[in-house]
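Peer 1: To start, I am sharing the structure in question, which I have written as structure tokens.
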Amino acid sequence: WGPSYLKSVKEIFGGINKLDYIFVTHSHFDHLGSVPYMKRQIPKLEFGGSPVVGDILKKESVIKRMNQMSEHQRQSYEEITGDEDVHIEPVALDFSLKEGDQFDLGGITCEIYETPGHTRDSISFFLPEEGILFPGEAVGLPDLENIEKPYVIFLTSYEDYLNSIQKLKNLKPKTICFGHGFVITNDDVDIYLDNSYENTFQFRKALEGYLEEADGDIKEAVKIILDKEYPDVKNGPIPQEENAYIANITVQLNLVAKMRGK
């Protein structure tokens with residue numbers, strides 16, 4: 001998406017050199033893969049993220065894997081990338097962002113909140129003057145066909161995920177801008193956040209049910225879920241590649257299994 005971002009910067013700001021910062025919400029490939037491209041195009045850009053992001057982007061094995069995923073998906077986005085060089089390379093953080101940090105964006109404040117659970121390095125950005133929240137995937141993702149059933153995506157901690165949703169609910173945002181291009185406004189914000197919190201409990205119960213059906217066997221539970229749930233995900237508003245879906249559901253099942261064993 002780097003070339004698309006650059007085009008938008010030119011159109012919105014009237015020139016690429018008017019963009020000062022590029023901040024990321026977490027270390028997943030689809031949320032920071034365009035940073036090296038943007039830094040090559042706008043060398044003065046200052047890059048901010050969790051300290052964990054900085055550590056991850058120093059690892060050759062991680063960069064190699066990200067490039068493999070990028071090339072795998074490139075054909076699907078050929079109309080955006082064309083023949084441009086969008087390879088991913090190590091990038092150093094200019095800012096290690098942490099809870100309580102604030103940035104002046106020209107009369108608008110950007111507040112930093114640590115919101116782990118989806119990943120351990122997840123952070124969210126809030127513009128209090130406008131009531132706009134950028135949570136990445138800390139509060140899940142919306143199913144735009146049914147706002148009352150958000151996708152639940154805790155991958156490192158169930159408890160942290162719930163706490164992060166509550167933390168962001170307390171900010172009382174008026175608008176939520178998600179990392180995959182979706183925007184929710186006005187009354188839908190409270191509806192979404194309430195349901196994201198409640199659906200996390202329901203999702204855990206569903207996973208517990210699958211574990212019971214599989215007699216506690218994680219691999220067998222994954223097979224059952226893949227058969228029952230994946231067709232809807234594959235054909236839904238946010239389709240997920242099968243291997244990525246399996247990887248995520250396996251992590252979630254393991255987390256729930258550990259909680260059951262306590």
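The values are calculated or read from the model by the stated rules, or taken from the named source; none is laboratory data. Predicted, not measured: the structure shown is a model, and the values here were computed from it. Neighbour counts run over all protein chains shown; Cβ positions are idealised from the backbone, glycine included. Surface accessibility is based on the protein's heavy atoms, side chains included, excluding ligands, DNA and RNA. Shrake-Rupley method; radii C 1.70, N 1.55, O 1.52, S 1.80 Å.
Peer 1: Give the whole-number value, in cubic angstrom per residue, of the convex hull volume spanned by the C-alpha atoms of the stretch 151-201. If you can, show how the numbers build up before the last one.
Peer 2: Values: hull volume 3.9 nm³, N = 51.
Once divided by residue count, the hull of the stretch 151-201 is 76 Å³.
Peer 1: A follow-up question, please. From the C-alpha gyration tensor of the stretch 2-67, pull out the three semi-axes of the equivalent ellipsoid (sqrt of 5λ each), sorted largest to smallest, in whole Å.
Peer 2: 23, 12, 10
Peer 1: Give the value in nm², to one decimal: projected area of the alpha carbon convex hull of the chain, averaged over all directions.
Peer 2: Numbers: hull surface 58.1 nm².
Mean orientational projected area (the chain, Cα hull): 14.5 nm².
Peer 1: I need two numbers for the stretch 76-170: Rg to one decimal and Dmax as a whole number, Cα atoms only, in Å.
Peer 2: 16.3, 45
Peer 1: What size of dipole, in debye to the nearest 20, comes out for the chain about its Cα centre when the only charges are +1 on Lys and Arg C-beta atoms and -1 on Asp and Glu C-beta atoms?
Peer 2: My answer is approximately 560 debye.
Peer 1: In addition: For residue 134, what accessible surface area do you get with a 1.4 Å probe? Give it in Å², rounded to 10.
Peer 2: 80 Å²
Peer 1: Carbon and sulfur: what percent of the chain's accessible surface (1.4 Å probe)? Don't skip to the end; give the middle numbers.
Peer 2: Working: 6720 of 14000 Å².
C and S atoms contribute 48 percent here.
Peer 1: Continuing with the same structure: Based on a Kirkwood Rh over C-alpha pairs, give the Stokes-Einstein translational diffusion coefficient of the stretch 17-144 at 37 °C and viscosity 0.692 mPa s in µm²/s.
Peer 2: On the way: Rh = 15.7 Å.
My calculation gives 210 µm²/s for D.
Peer 1: Which of the listed residues, 259, 153, 243, is farthest toward the dipole's positive end in the stretch 120-262, when Lys, Arg count +1 and Asp, Glu count -1 at the beta-carbon?
Peer 2: Most positive-ward Cα: 259.
Peer 1: Continuing with the same structure: Tell me the per residue accessible area of the chain using a 1.4 Å probe; a whole number in Å² is fine.
Peer 2: Normalised by residue count, the accessible surface of the chain is 53 Å².
Peer 1: So what is Rg over Rh here for the stretch 153-262, counting just Cα atoms and using Kirkwood for Rh?
Peer 2: Value, to two decimals: 1.00.
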